[in-house]
Amino acid sequence: MHPLVLVCAIVLAGERVRFDSGFNPQFTDNQIRNSVDATRAGLAKWAGTEHGRQLIEYFSGREFEIRIVEDTDERGIGRAPQPGLATLVAANDHARPKAYEVILNPAFFKLPAGMEPLPNQPSTPTDMMAVAWAGEMLHIYFYSQGISLPHHPRPDFQEQWHAVAAELGMPAVRHDDDDEVAHTARLRFLGGH
């Protein structure tokens, strides 16, 4: 087992998530009891990407706190509400604490009966949560730079999104203006046999 080296700003079930030197999340008993398996597995999958590791390192500073809320009533796979203006303006003040929120819906993935996902799309709840983690943490990163919504039309956002989607093995998943309000990734399905 790798030794623990990073305590990230991600707060799941009221506790910061710890990562070992291989960027594997080391969940506490409390986090395991009080969060959904797909949420944790999706975090682990995203943390295994280059972009995931970069953001985990970036958010390991004490100035950040990213509270994770699991909400099965959320209408998409997740969203990262824009923080208040004071938080956006304080982006370059590293002495000032900054709090963000990510809302994830681990129950969102339901493959319709008789359907199969297209290639390079999420095919499991873990895949869906990995996509949610990737997209919403990318939004949080832009907020931490003092950049307000909308993010989707930005070429730098799209470049980073396409790179992390490819790293997750799901390069066909889009994250664009068509879903700006709900902050969801678009999925397409093939008809079953």
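Rounded to the nearest 500, what is the chain's calculated 222 nm mean residue ellipticity when only DSSP H runs of at least 4 contribute -39500 (n - 2.57) each, over all residues? Spell out each step's value before the answer.
Details: 6 runs with 63 residues, N = 193.
Theoretical 222 nm ellipticity from helices: -9500 deg cm²/dmol.
Which of Leu138, His94, Met115 sits closest to the plus end of the dipole of segment 82-144, meaning its Cα is farthest towards the positive end, when Lys and Arg get +1 and Asp and Glu get -1 on the C-beta? Looking along the dipole axis, the top candidate is His94.
About its Cα centre, what dipole magnitude does segment 4-174 give when the only charges are +1 on Lys and Arg Cβ and -1 on Asp and Glu Cβ, stated in debye to the nearest 20?
On the way: 15 positive and 20 negative charges, 30 e Å.
With Lys and Arg at +1 and Asp and Glu at -1, about 140 debye.
Taking all Cα pairs closer than 8 Å and separated by 6 or more residues, the relative contact order of the chain comes to 23 percent.
Report, in cubic angstrom per residue, the convex hull volume of the C-alpha atoms of the chain. Kindly include the intermediate steps, with their values, before the conclusion.
On the way: hull volume 23.1 nm³, N = 193.
Taking the convex hull of the Cα positions in the chain, it is 120 Å³ per residue.
Peptides 146-155, 15-24, 121-130 ordered by packing proxy, namely the average of other Cβ atoms within 10 Å per residue, highest first: 121-130, 15-24, 146-155.
With contacts taken as Cα pairs under 8 Å and at least 6 residues apart, segment 66-149 reaches a relative contact order of 41 percent.
Pairs of Cα atoms under 8 Å, at least six residues apart: use those to get the relative contact order of segment 1-87, whole percent. Kindly include the intermediate steps, with their values, before the conclusion.
On the way: 90 pairs, mean separation 27.4, N = 87.
The value is 32 percent.
Read-outs: derived from the displayed coordinates by stated rules, not from any lab. Every value quoted in this text rests on a predicted model; they were computed, and no experiment measured them. We place every Cβ from the backbone using ideal geometry, glycine too, and count neighbours over all the protein chains shown.
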